[in-house]
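Report on the structure given below.
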Amino acid sequence: MVTRLVLDMPPEFGRPPIELGAVGASAKIRAGVGHAAPRSLPASCFLTAARRYHEHMEMKIPWISKIETRDDALTVLKQGTVAFFFLGALHIVPFLVLKSYVALLETTVVVVAAFAMLKLHSRGAAAVLLTLSCAEALVALANTFGARFGAGSSVVLAGLMIWVAVRTAQATSALERMPDEDEDAEAALDR
């Protein structure tokens, strides 16, 4: 089987595609090209290493990147509430094992506040979760040093919980500053 080999350079290199001519399958394998593209797909549909690098570098990481747009804030808020729902599920375990009603109360507060934060974008709910996270971290730290205040969690989990609470508080504050375009359009129609 003989096919044409075309080296497709990314546009940022400023070079047109280089056509190497007819090359057999064994020559492609020796050259390190590997498998050829299926006949139904053009070779340009495959991502080159440079394109993959640029696409992945453009993607923001919600937990550490700056919240610049409303979409960024909504992404951080949605992922934060999922994390709080997961943490709420983890707090059910001490209730089931130790019959600790404090853990059940904490789980209820975490789940209700996370739901309020998700649906209402409530800064008050974010403040409650941040306060609860700091209290949980203090209990975990005290348990690490030998004091027994209850079940508590690990220091790492408490630190992650604080970080999620801080980021979701930042996201709710950003949502308060950045009005929704749909709400602005409805308010303009009502006038």
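The values are calculated or read from the model by the stated rules, or taken from the named source; none is laboratory data. On a predicted model such as this, the values are computed, not experimentally measured, just so you know. Counting neighbours? That spans all protein chains shown, and the Cβs are built from the backbone with ideal geometry, glycine included.
Numbers for the structure displayed
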{"read-out": "Residue list for segment 139-159, restricted to those being part of a helix (DSSP H, G or I) and in contact (Cβ under 8 Å) with a residue 40 or more places away in the chain", "value": "L157"}
{"read-out": "Any helices (runs of 4 or more DSSP H) falling wholly within segment 1-120 and containing at least 2 residues that are at pLDDT below 60 and over 30 Å from R167 (Cα atoms)", "value": "25-31, 49-58"}
